[in-house]
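Below is one structure, written out as structure tokens; the observations come after it.
A short reminder: the numbers here are calculations on the coordinates, not readings from a lab. Every value quoted in this text rests on a predicted model; they were computed, and no experiment measured them. Please note: Cβ atoms are built from the backbone with ideal geometry, for glycine as well, and neighbour counts cover all protein chains shown.
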Amino acid sequence: MQTTHFWHQLHLRRTKVIVLSLLLGCVVAKSNAQGYFGLTNNSGSDDKLVSYGFFLGAHTASYQLRYSPEFLDPAQTTNTTVHSLFPKFTPGFSLGFIGIFRFHDQVNLIFTPKIGFYEYKVDVNYFDGTAANFPNSDPAASIPNLGYRTEELVNEATMVELPVVFKYRSMRFNNTRMFFVAGGSYLFNTKAREEINLDPIVTASRDFTVEAGMGFEIYFKYFKFAPEIRFSHGINNLYIPSDNTPDIKNAISSLRRKGISILLNFQ
């Protein structure tokens with residue numbers, strides 16, 4: 001008597017096996033989609049007129065520097081010590097609270113007061129007064145002041161920031177949404193004017209910035225997690241020439257803040 005092998009039986013009933021496998025896969029996929037981040041969030045926070053949260057942030061910030069016309073004029077001899085200035089991006093962090101006012105399911109007004117800890121670094125290259133001789137050239141034909149030394153100037157600042165942005169969100173898809181934000185912020189330095197005047201580069205204590213960014217809302221069982229990237233750019237010219245040292249006083253015409261932040265929002 002011929003023995004019927006298992007693989008032969010499977011081959012004969014392959015259509016039923018495929019259909020049952022697809023049905024089982026759909027059930028599992030649906031179950032995972034509903035509970036991938038725990039359980040679907042049905043707390044109704046999106047329907048509240050006012051809701052709250054908090055956030056942690058990391059950023060990198062720098063000055064946008066513009067040279068003065070006097071510094072760029074080769075005929076100007078008032079400043080012969082500074083070769084160039086280069087602002088550098090420097091990391092920092094911030095933390096704050098979130099206040100959300102709901103206009104519509106997809107449009108919110110967000111107020112995020114925060115404390116930010118910043119360092120603004122500028123490399124200043126000074127002529128060191130040494131002469132440079134080129135190979136196979138007459139030593140008498142050396143070019144003075146070609147060499148230079150670099151000094152790093154660091155402004156430390158603890159800023160209170162009051163950003164107000166509009167937030168546009170996509171329709172919710174399972175447990176996620178995409179969003180965009182745009183708005184502005186008022187910020188001020190917590191240091192007294194006397195302390196700011198002791199900084200290597202003296203700047204104004206108050207500023208306004210424009211801000212824009214994007215991110216995702218991810219719904220968990222009891223809260224929403226919304227990672228976000230945000231760009232900011234200062235509006236005001238922070239530079240105060242009269243309060244700065246003579247060597248850089250006439251080298252700079254304007255300084256403005258700029259930065260990139262990664263925010264981890266919990267709502």
Gain in span if fully extended, ARG66 to PHE266, counting 0.36 nm per residue against the direct Cα distance | 68.2 nm
Please give the length that would be gained between GLU151 and ASN237 if that part of the chain were fully extended, namely 0.36 nm times their separation in residues minus their C-alpha to C-alpha distance (nm, one decimal).
-> 28.6 nm
First check a/c for the range 155-259, with a ≥ b ≥ c the square roots of the eigenvalues of its C-alpha gyration tensor; if it is under 1.5, answer rounded, and if not, answer prolate when a/b is larger than b/c or oblate otherwise.
-> prolate
Work out the count of Lys pairs in the range 41-266 where the Cα-Cα distance is under 27 Å, with the pair 8 or more places apart or on different chains.
-> 23
Exposure proxy order (Cβ contacts within 10 Å, fewest to most) of TYR126, TYR219 | TYR126, TYR219
